[in-house]
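Here's the structure we're looking at; comments come further down.
The values are calculated or read from the model by the stated rules, or taken from the named source; none is laboratory data. Because the structure is predicted, anything quoted here is derived from the model rather than measured. Quick reminder, even Gly has a Cβ in these numbers, built from the backbone with ideal geometry, and neighbours come from all protein chains shown. We work out accessible area using only protein heavy atoms, side chains counted, and drop any ligands, DNA or RNA first. Shrake-Rupley method; radii C 1.70, N 1.55, O 1.52, S 1.80 Å.
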Amino acid sequence: MTLKIKDIVNRDIVTLTNCEYEPIHIPGSIQPHGFLLGADDTHTIKYCSGNIDQYLGKTYPELIGSRLDSIFDSKTIGEIKAALRKPSPFFVLPIDLIINQDHYQIKVHKSEDITIIEAEPRLGNVEGIASVYDQTSQFVLYMNQTDTLRELCDMVAKGTRKITGYDRVMIYRFDQDYNGEVYAESCRDDLESFLGLHYPHTDIPVQARQLYLKNLSRLIVDIGYTPVPIYTADDGTDKKLDLSLSVLRSTSPIHVEYLSNMGVGATLTISLVHRDRLWGLIACHHYSPKNLSPELRLAAQLQGQFITSQIDVRQSNQEYEVSRQTNIALEKLNAVNLPPIIESMKILSISPQLLKVCNAAGVSIIVGGEIFKNGHTPSDDCIEKLSDFLEEYTNETHFTTDRISEVMPDWPTAFSIAGVIFHSLGNGNSVIWYRPETEKVVHWGGNPQKAIVKDENGLHPRNSFHLWKEIVRGRSNPWAQPEVNAAANYSHYLQKQIGFMLLSREEERYRRQSIELTEINRELENINWISGHDLQEPLRKIQMMASKIKSQNEDLLPETVSHTLGRIQHSAQTMQNLLIDILRYTQIKHTERSMSLVDLNTVVAEVLQEWHDTLSEQNADLTVDYLPKVNAVPLLTRQLFSNLLSNAIKFQNRERQLKIKIGFDGPKIYEPYTHETCYRISVTDNGLGFEPQHASQIFNIFKKVHYGEFAGSGIGLALCKKIMQAFKGNISAEGSLENGSTIYLYFPVNFK
């Protein structure tokens, strides 16, 4: 049965407007300097390049559907299986074999469930393992002979050009936006140097960078090649073959045109991958077609590995001196013994070490709403605005930039500040280091704004690579990592210092308040003494004189005068009672030392005995539960129950018999009044009660919910609350108007 064959060439139209989405990993074609076979797990050939007959004398229709053993012997098939078991195909030497008396070198890898076999004719001058080892040893020598990363890259560029023979070898480094810079270069003397030139990120689009991460080397033998289609059996499905790891994969026509515009005839590109990111490339250019043996490609790949393995080491060497200087500044700052006052921030801010800690031109510290600054800084208004913005932008953490206008577009340019390191110190406090704008000249290999050229034939990559200068403004010199680290370390230390200073200031404020309160309490005690003694004496005289006048002239005085004298006596007595209550209220303090175990049954019995006659006159119905022993002061406990009993009698409903119950339930935890286990004592009456919204207010001093005929100072329940607080307990009330009330007393069970 004859199979129907079709090619899998990707013929989607690609232009510079959609090249970011060009599927360069599935071109469906290869370069013509070798052939490709794709076989499934049964060793059946499913894919074949159209140039197979030039190498094997068999056509692709003959091979598709046949087995690999029709081409390779069992030994070669065994080597293919072994190669597939290697962890990475990039550093595996090719398989040497002879087919029809011709020497080939084979590379194999897996693409999903297809084994891809790529073969290239063996070149005349073949470098063996020993040669690769010699080159590798040379690379190690480079590492020992250089100190900086740039020096290492310079030597690698020269060494790579020497062993590969390319006209130009460049070490190409990406910035954070994937704009490229020629970081090191070795080229023929007659060629114009590209060293130091920059190229826009559009020169190497996203999907190309992703492919460089997967496949560490890329060879184009002849820029003017004609792509060779890959064929497969036509079974009605849209077949694609992922060639991401292929060494023969056909190149994007956009990239071919770009290289042609540069006059390049052949290229080798080696990926430089650092911390899983494309750090750069070793880009080798030749100005005529050029092939390279797999051994030399492997040597170049190893050279790239040496560079990336040394990036951290060399950058650390370069940053060591910066780190040493910042550490010296940190040590000097930490050695400063600042007094625990906010004014010490002024001393700190003018210290030159605060600038040297991260090699800044200016610094500002905001503490407690005050701004302390030194060096080249914005105005106070701009500092406050910047600090407030970055507090919110960073969620009160930290931020570093060499271009503040990127995050704060309305940042004023008048101060020429571009770089900042910001650290929040909490509670609106902050420290900010500043660097001025540094005007920088960037040399581009052609105008980056004209990376795409439009003519009558459509869109094309640029064909001009002449030097183009750009003046970059709005940026400062970048902050080195040791500088960022030192700023973070000192900010952490400064935050603790400020916290200590603020705490010291609060302690001083509390100390002064304590002194003031002591003086006020002393004055209040004097007032209490006057209230309790000096003021009561005139009131007693008023009562005595009014009583004497009334008794001696009872028959002679008009009724109105006698009534007035009675009102004078009553008012004086009311005032005297009020003064006595105030004195009692203010004297409830420092009771903890005099607290002891008190039997409430005994206390309540004594109080009821005092009120016996009154209760008998009222025909009161009195019920008392068996009560516990509590930790309290006996005298104050009697005052407590006497006040509660007095309230129940005073605010009784005259239309019904007075009922009073002193109850007990507990011990247990009562929420929300306390989290401790308590005894709860209740005093319930069926009197006038009160509106529920007054339940918490009735314990306020001088608060009354009943007026008119009910005399009193309004201190009784406030006095009860203060007594319970002295006992480390609590008090609450429930009631409704005309339906009586209940007062709850909570005594902690905290004695043994």
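Values for this structure:
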| quantity | calculated |
| --- | --- |
| Whole-percent carbon and sulfur share, accessible surface of region 180-275, 1.4 Å | 52 percent |
| Among the listed pairs K629/K722; K46/K110; K110/K239; K4/K81, those beyond 23 Å (Cα-Cα) | K4/K81 |
| Rounded FRET efficiency, nearest 0.05, which uses the C-beta distance separating Q725 from Q693 and R0 of 22 Å | 0.45 |
| ³J(HN,Hα) computed for each position of region 246-257 - Karplus, 6.51 cos²θ - 1.76 cosθ + 1.60, integer Hz, glycine/proline x | 6, 8, 9, 3, 5, 9, 4, x, 5, 5, 4, 5 |
| Residues K4 and I77, FRET efficiency given R0 of 22 Å [Cβ-Cβ distance, rounded to 0.05] | 0.20 |
| Estimated FRET transfer efficiency when R0 is 56 angstrom, pair L622-L503 (beta carbons, to 0.05) | 0.50 |
| Cα-Cα over 23 Å, subset of K659/K728; K668/K721; K373/K496; K75/K107; K75/K240; K6/K290 | K659/K728; K75/K240; K6/K290 |
| Segments 175-183, 559-567 sorted - mean Cβ within 10 Å per residue, highest first | 175-183, 559-567 |
| Among 361-369, 690-698, the order from most to least packed when residues are scored by Cβ within 10 Å on average | 361-369, 690-698 |
| Loop sites in region 270-311: trypsin sites (Lys or Arg not before Pro), DSSP, at most 16 other Cβ within 10 Å | R275 |
